[in-house]
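The values are calculated or read from the model by the stated rules, or taken from the named source; none is laboratory data. Because the structure is a prediction, the values reported are computed rather than measured. Ideal geometry is used to build each Cβ from the backbone, glycine not excepted, and the neighbour counts take in all protein chains shown. Side chains are part of the model used for accessible areas, which takes the heavy atoms of the whole protein and leaves out ligands, DNA and RNA. Shrake-Rupley method; radii C 1.70, N 1.55, O 1.52, S 1.80 Å.
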Amino acid sequence: MSRDDSNPFATTEEDVNPFSNANAAPGSKSRFPQVVASTLYFGQKHDATVDIPLDSDPKKKATELSNWESDLKRRENDIRRREQAVAGVAIPADDRNWPPFFPIIHHDIANEIPVHAQKLQYLAFASWLGLVLCLTFNVVAVIVCWIKDGGVKIFFLAVIYALLGVPLSYVLWYRPLYRAMRTDSALKFGWFFLFYLLHLGFCIYAAIAPPIVFHGKSLTGILAAIDVFSDHALAGIFYLVGFGLFVLESLLSFWVLQKIYMYFRGNK
């Protein structure tokens, strides 16, 4: 065998151990990872990608939670405001509480009438009480005149005025005004103005007491007072007092009408 013959057992450059790092050139990589990668298809264009969102920003989540909480509070406040509005419009039960010793009507200005309208309501209530006083004293004066031979007819008429005037005045103009002040109803205000004008006209008529329509001496007006005073001084004094009460009631009613009209115009 010649020297030039190659040793079949010698290692050539083509036969490189893939598991040996010693044969790799400096700065080069081993072929084994490449073989494994090509075998398993890692890093190739055929790989399927999976996008997993990792939203872990605490500030964003805190902002969303704060917005959600604010929206919830806003809705709760809106519901509460609507409930209060419905409760404010609702008319409470008219339980009888006045007068305290014998309740026959419902009356609670301090709790049911707005603060800015309570003074006017008290004035109107004073006007209604003034009418009650006038009609009651009218009955007393007519009784005195009846005792002095004035006739029983004027007594019955005076009683009818009182029995009809007191409840009708409450139903026709005072209660509508009370509810108008409580609910701010234009219809109730209109009803009050209509019948309060009739009330004012009656007070002026009673203060004069002309002998027409009503029997002259059944009302303690100035004309009836002059006629009675000429016959019976005591009865005439009662009639003069009754005349003064009707005059005061007329002035008070006119003032109340003016004040409430200004209040109504200011609220429109």
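Here segment 142-268 exposes an accessible surface that is 75 percent carbon and sulfur, computed with a 1.4 Å probe and the other protein chains kept in place. For Ile105, the residues 5 or more places off, or on other chains, whose built amide H falls under 5 Å of its own are Asn97, Trp98.
Ligands, DNA and RNA aside, Trp191 has an accessible area near 120 Å² when probed at 1.4 Å.
Can you figure out the FRET efficiency of His116 with Asp71, using R₀ = 30 Å and their beta-carbon distance, to the nearest 0.05?
Numbers: r = 36 Å, r/R0 = 1.20.
The computed FRET efficiency comes out at 0.25.
Measuring between their Cα centroids, segment 191-262 and segment 137-181 lie 11 Å from each other.
Please list Thr220, Thr183 in order of solvent-accessible area, largest first, computed with a 1.4 Å probe with all protein chains present. Let's see the in-between values first.
Details: Thr220 0, Thr183 60 Å².
Sorted by accessible area, descending: Thr183, Thr220.
May I ask you to rank Met181, Met262 by accessible area, largest first, using a 1.4 Å probe over the protein chains only? Each step should come with its number before you reach the end.
Numbers: Met181 5, Met262 115 Å².
The residues order as Met262, Met181, largest area first.
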